[in-house]
Amino acid sequence: MGMTMTQKILAAHAGLESVEAGQLIMARLDMVLGNDITTPVAVNEFEKAGFDSVFDREKISLVMDHFTPNKDIKAAEQCLRCRTFARKFDVENFFDVGRMGVEHALLPEQGLVKAGDCIIGADSHTCTYGALGAFSTGVGSTDMAAGMATGQAWFKVPEAIRINLTGALKENVTGKDVILHIIGMIGVDGALYRSLEFMGEGLKSLSMDDRLCIANMAIEAGAKNGIFMVDEITESYMKGRVKGEWKVYAPDEDAEYAESYTIELSNLKPTVSFPHLPENTRTIDQVGDVPVHQVVIGSCTNGRLEDMALAAKILKGRRVHPDVRAIIIPATQQIYKDSIREGYIDTFIDAGCVVSTPTCGPCLGGHMGILAEGERCVATTNRNFVGRMGHVKSEVYLASPAVAAASAVTGRISGPDEL
């Protein structure tokens, strides 16, 4: 029996010729990731277990991105805990204020993850790096602690779902619309503990930023990971960026998939996920009249340069509706700099937006955009659970940067064609 992309990577990292779905394995790790919320818990477990060294100081990344710059004393103490640990063990990839970015945008940008890697992170959206052809998945802080000490983690090899992409995206339709369409189609548990494997000639239509967005939200369908076949677009992104050589794993022709879906990209429309689950999707022509009070464009899902460019294209020469607070968050310092150079920041400010330093802040209801009772937000983030962005009686609508920017102008959920 042949193997999927995920199964081949796990087999290689477990030192086995082959693995099959349901098999328990111990695999070596190429990167262990933590942030300012999850790392302190991992450090506590690390110390409780009596570990006195890390397996490889170059294969641990600690990113201070959720509550930084620190929003309160507790956040400051969390970051201090991380900072102290990083200095004690000389962790090379420690990203603090001034260097940090939103972790799942920062690591690919810095070349710290690559095709063929096996990666864990104490954050559920670690599945982002599958866009590069890596196996990457979120774990708990205890597994992070063990990974930092031993360089290994155990896994149950997942079944897989094949997503065959055909055609090409239309203007103002993005990777965010692709993944929202998929989640709406299969549900938030439709890929539970399975690998979502993306392939097909339609990949040519998806930029690396599109793929990073799609892989990022694989977890919102319950997936263990999302992974893309490596092609020229992937290799062009990695060349001159990643450290070390990468390895490409393609699925065998007789690889076994639990389910297969074909998606014609040209049929997709801008899509919005209504409260309070990502699966509650409607195409833009089905939305109706929904007034909004806040718009957030950013996060590990949609804070990349193409997202900034798309939002700026729509906001150029327009003004944010007087009833709307528009918050723009470039996901890394480099994206912020590139946005300044391209004139996007001027466009945002002229339109009446506020532009923030890189942070996860509003996505998880941390800071930089908390919602009050009864308020609605259109966000390019990845979750819209009850109370996700503030008050339990607030509402979050997930959408692409194009829809978010258009909604900021009209004051209601709108597609860019409505401007």
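The values are calculated or read from the model by the stated rules, or taken from the named source; none is laboratory data. Everything numeric in this text was worked out from a predicted model, so none of it was measured. With ideal geometry, Cβ positions are generated from the backbone for all residues, glycine too; neighbour counts draw on all protein chains shown. Heads up: the accessible areas ignore ligands, DNA and RNA and are worked out on the full protein's heavy atoms, side chains in. Shrake-Rupley method; radii C 1.70, N 1.55, O 1.52, S 1.80 Å.
With just the Cα atoms defining each centre, how far is the stretch 334-382 from the stretch 262-307? Give it in Å.
16
Express the carbon and sulfur contribution to the solvent-accessible surface of the stretch 278-403 as a percent, rounded to the nearest whole number, probe 1.4 angstrom.
Its accessible area is 49 percent carbon and sulfur atoms.
How much mean residue ellipticity at 222 nm does the chain get from its helices, if each DSSP H run of length 4 or more adds -39500 (n - 2.57) and you divide by all residues, to the nearest 500 deg cm²/dmol?
-8500 deg cm²/dmol
How far, in nm, would the chain grow between S207 and E418 when pulled straight, counting 0.36 nm per residue and subtracting the alpha carbon separation?
73.4 nm
Over all pairs of distinct alpha carbons, what does the Kirkwood formula give as the hydrodynamic radius of the stretch 326-419, in Å?
By the Kirkwood definition, the hydrodynamic radius is 13.9 Å.
For the stretch 130-239, run through the GluC sites (Glu not before Pro) and keep only the ones in DSSP coil with at most 11 other Cβ atoms within 10 Å of their Cβ.
Listed in order of number, the matching sites are E171.
What FRET efficiency do you get for Y261 and K393 if R0 is 45 Å and r is their Cβ-Cβ distance, rounded to the nearest 0.05?
It comes out at approximately 0.80.
Just name one of P251, N280, N302: the one whose Cα is farthest towards the positive end of the charge dipole of the stretch 240-306 (beta-carbon charges, Lys/Arg +1, Asp/Glu -1).
N302
Given the peptides 63-69, 172-178, 161-167, arrange them by the average over their residues of other C-beta atoms within 10 Å, most packed first.
Per-residue mean Cβ counts within 10 Å order the peptides as 172-178, 63-69, 161-167.
Going by a ≥ b ≥ c, the root eigenvalues of the Cα gyration tensor, does the stretch 208-322 fall in the rounded group (a/c under 1.5), the prolate group (a/b larger than b/c) or the oblate group?
oblate
Between rounded, prolate and oblate, where does the stretch 261-419 land on the alpha carbon gyration tensor, with a ≥ b ≥ c its root eigenvalues, rounded for a/c under 1.5, else prolate if a/b exceeds b/c?
Since a/c stays below 1.5, the shape of the stretch 261-419 is classed as rounded.
Between the stretch 171-197 and the stretch 18-95, what's the alpha-carbon centroid distance in Å?
Going from one Cα centre to the other spans 29 Å.
Only one of the listed values, (i) -0.63, -0.77, -1.09; (ii) -0.88, -0.98, -1.17; (iii) -0.76, -0.89, -1.15, was derived from the coordinates as log10 I(q)/I(0) by the Debye sum over Cα atoms at q = 0.10, 0.11, 0.13 Å⁻¹; which label is it?
The calculated read-out lines up with (i).
Considering the dipole of the stretch 78-117 built from charges on the beta carbon (Lys and Arg +1, Asp and Glu -1) around the Cα centre, which of F85, V97, Q110 is farthest to its positive end?
Among F85, V97, Q110, the one farthest towards the positive end of the dipole of the stretch 78-117 is F85.
For a label point 7 Å from the Cα of D254 along Cα→C-beta, name the residues of the stretch 1-31 whose backbone N is under 16 Å from it.
1-4, 18-21
In Å², what does the accessible area per residue of the chain work out to with a 1.4 Å probe?
So the chain comes to 38 Å² accessible per residue, rounded to a whole number.
Mind ordering 51-60, 326-335, 408-417 by average Cβ neighbours within 10 Å, highest first?
326-335, 408-417, 51-60
Computed over the Cα atoms of the stretch 304-377, what is the convex hull's projected area averaged over all directions, in nm²?
4.9
Regarding the stretch 1-131, what is the average projected area of its C-alpha convex hull, in nm²?
8.9
What Kirkwood Rh does the stretch 61-142 have if only Cα atoms enter the pairwise 1/r average? Answer in Å.
Its Kirkwood hydrodynamic radius stands at 13.4 Å.
Hey, any idea what % of the stretch 100-156's accessible area is carbon plus sulfur with a 1.4 Å probe?
45
With a length cut of 20 Å (Cα positions projected on each helix's long axis) and a Kyte-Doolittle mean of at least -0.5, go through the chain and give me the DSSP H helices that pass.
Those that clear 20 Å and a mean of -0.5 are 73-88.
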